[in-house]
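Participant: Dropping a structure here in structure tokens format, bear with me for questions.
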Amino acid sequence: MSTILVVAAHPDDELLGVGATIAKHIKNGDEAYALILGEGQTSRTNTREETDQSVVADLHKDSVAASKVIGFKDIFFENFPDNRFDQVDLLDIVKAVEKYVAKIKPDIIYTHHRGDLNVDHQYTCRAVMTGTRPVNNCCVKEIYCFETVSSTEWNFSYGDEAFTPDTFVDVEDTFEVKIEAMKHYKSELCEFPHPRSLENLEICAKRWGAVTGKKYVEAFETLRVIR
């Protein structure tokens, strides 16, 4: 049995690029946890203080409900300011990651791609790589980054900043679990053709499926594997 940790910047990110893969891990007997570093929602008003805290609380309730559908053993929240991770000392985010790595002792971590348009995603990836340095018998052996629709593809990047997957997971048996979990995120889902729509999630899974000869696939870029 492997222990899995998804380190995400915002509520729903823990599902968008990796939800069906986590459901597959759990189906195969692995144990999975989610860490959501940012509070979500507060960047949608002019100032963070203007956001009604009940909106954030309701969003976190959606996260808990979605996590139960996927089968996460637990989900944790750190409440860094939404879309303002660059205004926080990176060390504080690293320390948060280190705390949960020490608590959970994951073998495998999934996190954001370093080239995402969203600054919180960029800082999350940096914090994961810093907080899991392979020293002092670090438990983390594998780290993969996932694409986050409405962020990864909108950076229009090339070269080192482009999402270049090298690992593909057949999720035909668990894709519908991801869709059912996403339905709990009422404030985050949009209508197609917005990328954060149920229809587009299926399109993405079929796209990577077509690349690899499968029906539904989630794709990942390897950041580190130690064997």
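Participant: Can you pull out the helices (runs of 4 or more DSSP H) entirely within region 1-73 that have at least 1 residues that are more than 14 Å from Phe146 (Cα to Cα)?
Facilitator: 19-27, 53-70
Participant: I want to confirm something. Restricting to region 137-160 and keeping residues that are surrounded by fewer than 17 Cβ atoms within 10 Å (Cβ to Cβ) and charged (D, E, K, R), which single residue is modelled with the lowest pLDDT?
Facilitator: Only one residue fits best here, namely Asp160.
Participant: On the given criteria, is Val7 surrounded by fewer than 18 Cβ atoms within 10 Å (Cβ to Cβ), β-branched (Val, Ile, Thr) and in contact with a Ser or Thr (Cβ under 8 Å, 6 or more places away or on another chain)?
Facilitator: The answer is no for Val7.
Participant: Out of the residues in region 57-103 that are surrounded by fewer than 21 Cβ atoms within 10 Å (Cβ to Cβ), among the aliphatic types (A, V, I, L, M) and out of contact with any helix residue (DSSP H, G or I) (no Cβ under 9 Å at 6 or more places or on another chain), state the one that is nearest to Ala20 (Cα to Cα).
Facilitator: Within region 57-103, the match that is nearest to Ala20 (Cα to Cα) is Val64.
Participant: Restricting the first residue to region 55-80 and requiring it to be among the polar types (S, T, N, Q), which pairs with a second residue that is in a loop (DSSP other than H, G, I, E, B) meet a Cβ separation below 6 Å and a spacing of at least six or different chains?
Facilitator: Ser63/Pro11; Asn79/Glu39
Participant: Which residue pairs have Cβ atoms closer than 6 Å, lie 6 or more positions apart in sequence or on different chains, and pair a first residue in region 175-199 that is touching a residue at least 60 places away in the same chain (Cβ under 8 Å) and on the phi > 0 side of the Ramachandran plot with a second residue that is surrounded by fewer than 19 Cβ atoms within 10 Å (Cβ to Cβ) and part of a helix (DSSP H, G or I)?
Facilitator: Partner pairs satisfying both residue conditions: none exist.
Participant: Take the residues in region 188-227 that are surrounded by 15 or more Cβ atoms within 10 Å (Cβ to Cβ) and assigned to a loop (DSSP other than H, G, I, E, B); name whichever of them is farthest from the chain's Cα centre (by Cα).
Facilitator: Among those that are surrounded by 15 or more Cβ atoms within 10 Å (Cβ to Cβ) and assigned to a loop (DSSP other than H, G, I, E, B), it is Lys214.
The values are calculated or read from the model by the stated rules, or taken from the named source; none is laboratory data. Because the structure is predicted, anything quoted here is derived from the model rather than measured. Cβ coordinates were reconstructed from backbone atoms using ideal geometry, including for glycine residues, and neighbour counts include every protein chain displayed.
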